[in-house]
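Structure first, commentary second.
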Amino acid sequence: MLVFSEQNLVLFSVPKTGSTAMEVALKPWADIAFYKQRKHTPVGRYQRKIAPFLRDAYQLEPETVAVIRAPLEHLRSWFRYRAATLEVEFDGFVQAVISPSPPEWARIGTQYNFLTGPKGTLGINHLFTYEAQPVLRDWICTRMNADVTF
């Protein structure tokens with residue numbers, strides 16, 4: 001997660017959506033960068049802990065932005081990421097992910113849960129799809145007032 005005070009913006013790092021490439025490209029403009037176990041902070045935690053801090057400490061009430069991936073592509077990305085340690089093919093991975101009690105290696109969470117707060121309310125002002133990179137890049141470049149390359 002990156003916080004940009006001048007642009008009044010928070011960029012969420014949804015897992016497996018190109019967030020690392022975006023963070024590398026946008027880090028020069030970021031005032032606060034969350035890494036390691038805080039990098040993938042979901043909206044609910046942001047609303048409970050980080051948003052109040054930004055408001056109280058910096059008088060910031062930033063807009064939020066995130067990137068999501070088409071569900072099947074999201075699953076494929078997770079599968080590729082974990083493939084070296086798996087003993088199942090892609091179909092088996094998908095079955096495990098959607099099972100009522102997935103094994104540890106298939107617990108990937110959902111983009112919906114990541115991007116919603118309490119009571120399932122969407123906590124994102126600007127939501128882009130990974131598959132439409134030119135639209136996302138144009139918006140980021142305009143918002144940063146710079147030529148940004150991921």
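In table form, for the structure just shown:
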{"read-out": "Per-selection Kirkwood Rh - the chain (Cα, Å, 1 d.p.)", "value": "16.4 Å"}
{"read-out": "Under 12 Å, Cβ to Cβ, from Ala33 - net charge with Lys/Arg +1 and Asp/Glu -1", "value": "+2"}
{"read-out": "Among Leu86, Val97, Thr116 - extreme Cα towards positive end, dipole of segment 85-150, charges at beta-carbon", "value": "Thr116"}
{"read-out": "Net dipole in debye of the chain [+1 Lys, Arg Cβ; -1 Asp, Glu Cβ; about Cα centre; nearest 20]", "value": "400 debye"}
{"read-out": "Nearest-ten-degree value, helix 133-144 long axis tilted from longest Cα axis of the chain", "value": "30 degrees"}
{"read-out": "With at most 15 other Cβ atoms within 10 Å, longest stretch of the chain clear of loop GluC sites (Glu not before Pro) (DSSP)", "value": "7-86"}
{"read-out": "Share antiparallel - DSSP beta bridges, the chain, percent rounded to 5", "value": "45 percent"}
{"read-out": "Environment charge at Lys16 (Cβ cut-off 15 Å; Lys +1, Arg +1, Asp -1, Glu -1)", "value": "+3"}
{"read-out": "Apportionment of accessible area to carbon and sulfur, the chain, percent (1.4 Å)", "value": "54 percent"}
{"read-out": "Measure of compaction for segment 55-130 (Cα Rg per 2.2 N^0.38 Å)", "value": "1.41"}
{"read-out": "Sequence-separation-based contact order of the chain, relative, with Cα cut under 8 Å and 6+ spacing, percent", "value": "30 percent"}
{"read-out": "Average accessible surface area per residue within the chain, 1.4 Å rolling probe, Å²", "value": "58 Å²"}
{"read-out": "Count of lysine pairs in the chain with Cα separation under 20 Å (8 or more residues apart, or interchain)", "value": "8"}
{"read-out": "Prolate/oblate/rounded call for segment 16-58, Cα gyration tensor, a/c under 1.5 rounded", "value": "oblate"}
{"read-out": "Cα lying deepest toward the dipole's positive end in the chain, options Ala30, Ala70, Tyr58, charges on Cβ", "value": "Tyr58"}
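The values are calculated or read from the model by the stated rules, or taken from the named source; none is laboratory data. Here the structure is a predicted model, which means the values were calculated and not measured. Using ideal geometry, Cβ is built from the backbone for each residue, glycine included, and neighbour counts are taken over all protein chains shown. The accessibility values were calculated without ligands, DNA or RNA, using every heavy atom of the protein model including side chains. Shrake-Rupley method; radii C 1.70, N 1.55, O 1.52, S 1.80 Å.
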